[in-house]
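Visitor: Below you will find the structure I want to go over with you.
Derivation of every value follows stated rules applied to the coordinates shown; laboratory data play no part. Everything numeric here is computed off the predicted structure, so don't read it as measured data. Every residue, glycine among them, receives a Cβ derived from its backbone with ideal geometry; neighbour counts consider all protein chains shown.
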Amino acid sequence: MKSSLEESSQLHHLAAQLGDEELPPGWEPVHSSAYTHVACNPAMQVFYKEFLPRSPLDKLKALLRGSRATRARRHSDALLQAGITAPANLAWGRLSRGREYLFSRAVEGDDVTSWLVDLLPAGKAWARANRRQLLESLGTFIGRVHATGFIHGDLRPGNVLAQHRGERFLFGLIDNERTVQKTPPPGRMLLRNLMQLNMLPPQVLSRSDRMRFFTAWHRQMRELDDIEAKLLAAEAYNWAMQRLYDKGQL
């Protein structure tokens, strides 16, 4: 959905307030990294993201690859053009002190972590069928994303949103600043994405849960033979478990 001229003008006016860390009526702060300032308006279904300077290296990257805000816009547009749900860009611009902002339309749904922890918790008989459907559908979705050549920059479960509509699960990708498109997708990048999705503890995501996801993912990645796929699955799992252990979450 594209913004109208009136909506775009309104958003640019709001950016001046949000950039001064004011919250206009209807806007709420959203927890984010130290290098972004994020707010949302639930009624408008709009997010504001302000990109804060991180280091002098960012300026060089901006010259070579575009600024962080520019990359976020381009990558969301590329995903949408490929038929993959992502935030639609509404308005963007510059603020003082080298800051940039981006308004985008919210993607519907709850993040995959919320689905697996709260909405369809492990061990509940009433949730079992939908939970299995969620994991298989998620594997198919991520497999199609990868088969199209897209590699997400941070494919943690919190950056994949899901909604259950008409007996189907539909998915979208958020936080696409570092998403890239490479054909064929490099194995190391695939491995990192699969590891990131595995970053949930065993009490939330069992081995059978992970295999259900991975089997569906592999069906979309036909260029990988069975041996390559099994090695990739094992390495992604082991890497994720080591990281969870290092973080004191195991």
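Visitor: P(r) tail for the range 49-190, what percent of Cα pairs lie past 20 Å?
Guide: Values: 5286 of 10011 pairs.
Within the range 49-190, distances greater than 20 Å cover 53 percent of Cα pairs.
Visitor: Which whole-number value in Å³ per residue fits the convex hull of the alpha carbons of the chain?
Guide: 149
Visitor: Just rank I84, I227, fewest to most, by other beta-carbon atoms within 10 angstrom. Intermediate results must be reported in sequence, preceding the final value.
Guide: Details: I84 19, I227 8.
Lowest to highest Cβ neighbour count: I227, I84.
Visitor: Another one. State the extension gain, in nm to one decimal, for the chain segment bounded by S114 and T70, taking 0.36 nm per residue of separation less the distance between their alpha-carbons. Working shown, then result.
Guide: Working: separation 44, 0.36 × 44 = 15.84 nm, distance 2.94 nm.
Gain on stretching S114 to T70: 12.9 nm.
Visitor: A follow-up question, please. Express the relative contact order of the chain as a whole percentage, based on alpha carbon pairs under 8 Å and six or more residues apart in sequence.
Guide: Values: 367 pairs, mean separation 41.6, N = 250.
Over the chain, the number comes to 17 percent.
Visitor: Let me ask something additional. Arrange R94, R74, R210 by Cβ neighbour counts within 10 Å, fewest through most, would you? Display every interim value, and only then the final one.
Guide: Values: R94 13, R74 16, R210 21.
Fewest-to-most Cβ neighbours within 10 Å comes out as R94, R74, R210.
Visitor: A follow-up question, please. In the range 110-246, what is the volume of the convex hull around the alpha carbon atoms, normalised per residue and reported in Å³? Spell out each step's value before the answer.
Guide: Numbers: hull volume 14.3 nm³, N = 137.
Given the Cα convex hull of the range 110-246, per-residue volume reads 104 Å³.
Visitor: Once you put a point 7 Å from the Cα of A34 and another 7 Å from the Cα of S208, both along the Cβ direction, what distance in nm separates them?
Guide: According to this spin-label approximation, the distance is 4.4 nm.
Visitor: Now for a different question. Once the piece of chain linking R94 and E22 is laid out straight, how much longer is it, given 0.36 nm per residue of separation minus the C-alpha distance between them? It would help to have the intermediate numbers written out before the result.
Guide: Values: separation 72, 0.36 × 72 = 25.92 nm, distance 1.68 nm.
Fully extending the segment from R94 to E22 adds 24.2 nm.
Visitor: By count of other Cβ within 10 Å, fewest leading, how are L52, L194 ordered? Don't skip to the end; give the middle numbers.
Guide: Values: L52 17, L194 23.
Listing L52, L194 from fewest to most nearby Cβ atoms yields L52, L194.
Visitor: Let me ask another. Mean residue ellipticity at 222 nm from the helices of the chain, using -39,500 (n - 2.57) per DSSP H segment of n ≥ 4 over the full residue count, to the nearest 500 deg cm²/dmol?
Guide: Numbers: 7 runs with 105 residues, N = 250.
The helix-only estimate for the chain comes to -13500 deg cm²/dmol at 222 nm.
Visitor: Could I ask something else about it? Suppose R0 equals 51 Å. What FRET efficiency, 1/(1 + (r/R0)^6) with r the Cβ-Cβ distance, do A122 and T183 give to the nearest 0.05? Intermediate values should be presented prior to the final figure.
Guide: Details: r = 36 Å, r/R0 = 0.71.
E(calc), rounded to 0.05, equals 0.90.
Visitor: Taking the Cα centre of the chain as origin and charging only Cβ (+1 Lys, Arg; -1 Asp, Glu), how large is the dipole, in debye to the nearest 20?
Guide: Details: 34 positive and 26 negative charges, 144 e Å.
With Lys and Arg at +1 and Asp and Glu at -1, about 680 debye.
Visitor: Connecting C-alpha atoms closer than 10 Å in a GNM of the chain, tell me which of E136, E21, E50 has the biggest fluctuation.
Guide: Maximum fluctuation in the GNM of the chain, among the listed residues, is at E21.
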